[in-house]
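Have a look at the structure below, then the notes.
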Amino acid sequence: LVALAMERKAKMNSCDRKVDFSEFQDWLEKHGDYEAIVDGANIGLYQQNFADGGFSLPQLEAVVKELYHKSGNNKWPLILLHKKRVRTLLENPTHRNLVEEWINNGVLYATPPGSNDDWYWLYATAKLKCLLVTNDET
């Protein structure tokens, strides 16, 4: 899986992307005590394709809290979101505190610009042999 992810990144003609993924691998080695991985974008966008629909942080928060309580030992899942989406959420005063809490608790990882977050949650799930929560049909 790692080799495939790195190969796909290399085809995008950017050494930076290979470094970004390596940084995530290193980060996960240090912080990888998760029982579940959450594909934040797909959970936050699930069934939001209506006129006023958009990314739903309350929807993502509900899933994250449910996983936390069902873990048996109150362990937070790892949430993966694109850095751009995290930045947008932090700019919204309504969402800022929750997102900062996730960041401070080490349960939110922001994937770098231009990267495909699917590789990140696929890798983390395989590496940690844990539950994946997504709506992606990859």
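The values are calculated or read from the model by the stated rules, or taken from the named source; none is laboratory data. This is a predicted model, so every value here is computed, not measured. Note that each Cβ is placed from the backbone with ideal geometry, even for glycine, and that neighbours are counted across all protein chains shown.
Of all residues in the range 104-138, those satisfying the criterion of being touching a helix residue (DSSP H, G or I) at 6+ places or on another chain (Cβ under 8 Å), of a type outside the set (Lys, Arg) and part of a helix (DSSP H, G or I) are 117, 119, 120, 122, 123, 124, 128. Filtered by the rule that a residue be part of a helix (DSSP H, G or I) and closer than 21 Å to residue 123 by Cα, the range 69-100 gives 83, 84, 85, 86. Restricting the range 55-73 to residues that are surrounded by fewer than 17 Cβ atoms within 10 Å (Cβ to Cβ) and charged (D, E, K, R), which is nearest to residue 103 (Cα to Cα)? Going through the qualifying residues, I end up with 65.
Kindly indicate whether residue 101 is more than 24 Å from residue 29 (Cα to Cα) and either under 11 Å from the mean Cα position of the chain (by Cα) or acidic (Asp, Glu) (or both). If you could, list the steps in order and put the result at the bottom.
Values: more than 24 Å from residue 29 (Cα to Cα): no; either under 11 Å from the mean Cα position of the chain (by Cα) or acidic (Asp, Glu) (or both): yes.
No.
Apart from one condition, residue 35 fits all of (1) among the acidic types (Asp, Glu); (2) touching a Lys or Arg at 6+ places or on another chain (Cβ under 9 Å); (3) without any contact (Cβ under 8 Å) to a residue 60 or more places away in the chain; the exception is (3). The numbered conditions (1) outside any loop (DSSP other than H, G, I, E, B); (2) modelled with pLDDT under 95; (3) among the charged types (D, E, K, R) are all true for residue 52 except (1). Does residue 34 satisfy being touching a Ser or Thr at 6+ places or on another chain (Cβ under 6 Å) and under 29 Å from residue 22 (Cβ atoms)? The answer is no for residue 34.
With respect to being out of contact with any Pro (no Cβ under 8 Å at 6 or more places or on another chain), of a type outside the set (A, V, I, L, M, F, W, C), more than 16 Å from residue 23 (Cβ to Cβ) and not in a helix (DSSP H, G or I), residue 65 falls outside the description.
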